[in-house]
1. For VAL8, all conditions in the list (1) modelled with pLDDT of 90 or more; (2) under 13 Å from PHE241 (Cα atoms); (3) surrounded by fewer than 19 Cβ atoms within 10 Å (Cβ to Cβ) hold save one; what is the number of the exception?
2. Answer with yes or no whether THR150 is of a type in the set (S, T, N, Q), closer than 30 Å to ALA229 by Cβ, within 21 Å of the chain's Cα centre (by Cα) and modelled with pLDDT of 90 or more.
3. When you check ILE313 against the structure, is it aliphatic (A, V, I, L, M), touching a helix residue (DSSP H, G or I) at 6+ places or on another chain (Cβ under 7 Å) and under 18 Å from ALA114 (Cα atoms), yes or no?
4. Sort out which residues of the stretch 43-69 are hydroxyl-bearing (Ser, Thr, Tyr) and more than 20 Å from ALA275 (Cα to Cα), and write them in order of number.
5. How about the stretch 253-322: which helices (runs of 4 or more DSSP H) wholly inside it have at least 1 residues that are in contact (Cβ under 8 Å) with a residue 40 or more places away in the chain, open to solvent by less than 10 Å² (accessible area, probe 1.4 Å) and among the aromatic types (Phe, Trp, Tyr)?
6. Answer yes or no as to whether VAL240 is open to solvent by less than 40 Å² (accessible area, probe 1.4 Å) and farther than 24 Å from MET34 by Cβ.
7. Within the stretch 84-100, which residues are open to solvent by 10 Å² or more (accessible area, probe 1.4 Å) and in contact (Cβ under 8 Å) with a residue 60 or more places away in the chain?
8. For the stretch 126-137, give me the residue count where each residue is surrounded by fewer than 24 Cβ atoms within 10 Å (Cβ to Cβ) and assigned to a loop (DSSP other than H, G, I, E, B).
Amino acid sequence: MVITGLIVVLLLVLVVPFVNKTVEENLEPFLFVMGVAASIISGIMSMELALKALKEPIMIASAVFIAGALFFLLHNQFQTFINKVLTKIPITVFVFLTVALLGLISSVITAIIASIVLVEIIYLLPLERKQKVVVCIIACFSIGLGAALTPIGEPLATIAISKLDKSFFYLFNLLGKYVIPAVIAFGILGAIYVSRSSRSSVKAEAADANAEETVVMEQDTWKSIIVRALKVYLFVMALVFLGEGFQPLIDKYVLGLSPQLLYWVNMISAILDNATLTAAEISRQMTDTQVTAIIMGLLISGGMLIPGNIPNIVSASKLKISSKEWAAWGVPLGLIVMVFFFIILFFL
């Protein structure tokens, strides 16, 4: 009965947000209810677990609020600075630095704030709409990977560290040798794309002509900053309950799978936020090889579609990028990177 109940909860988590728009728009409370249900079904609900769920989100939610507030206060100065930089260095160099640096620092400033900064930069780039969309997608792959190196970067890392009961720099030590070169490679890819696609069309006048038409951004307010931090808090809290509640299911069906199979199975994170799957799959009984396979599979495939990762959701929403536009570039790019890392992880 326990396993059956947990499978029902898992199916609800996987399916309901995609068939019910109200749930999709209120994902955090829905996941919280599902997490509590999973914990009760598993028989592990306790005061100790409740206190853990209250404590775990504090670090990342605080980071989201503080970074959001600082960016909000310094917004005008930031725009002035970016415009000056764009007049001093070539666009290809600027795109490389944007993609690589945001990926590298996202584990410190959080993936959400890195995404907000990215959106502001994309808005100011002297590029056509199609070029902006592609650069944005490449940058979101970079941010999604880089943010996982510390538990304050994104919920996936917070949940992984919590479930594995590891130190702050565990994921950095485990994944850094793969993630950091990948982030640099995405920066190079962004620069090459801009160089090849816009040799004759990248002009400041062209950007001014289509900026209004292509990008209408939603501006932050103090209310939106506070609400965003509270949503992140509730989201991580929900994932703690889900992760602990799904433990019997993990022990029965996941622990025995090979790392190679886990890597490809986690392509499902292209349609489901990868933090939710981390909560459902990670266990203290796993080896470092299994953990690496799970997390790398989740991180890479999470960039393929809009729902897969927080940077995608934030950027697509603010820049009005459609699911079809994202998939046209995100899916093939993600598949290429998945194959590349599969060879590195399991054959080299």
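1. (2)
2. Yes: the conditions hold for THR150.
3. yes
4. The answer is SER46, and nothing else.
5. 259-265
6. In short, no.
7. ILE91, THR92, VAL93, PHE96, LEU97, THR98
8. Going through the stretch 126-137 one residue at a time, the tally reaches 2.
The values are calculated or read from the model by the stated rules, or taken from the named source; none is laboratory data. All of these numbers come straight from a predicted model, not from anything done at the bench. Reconstructed Cβ throughout: ideal geometry from the backbone, glycine too, with neighbour counts over all protein chains shown. Only protein heavy atoms, including side chains, enter the accessible area calculation; ligands, DNA and RNA are left aside. Shrake-Rupley method; radii C 1.70, N 1.55, O 1.52, S 1.80 Å.
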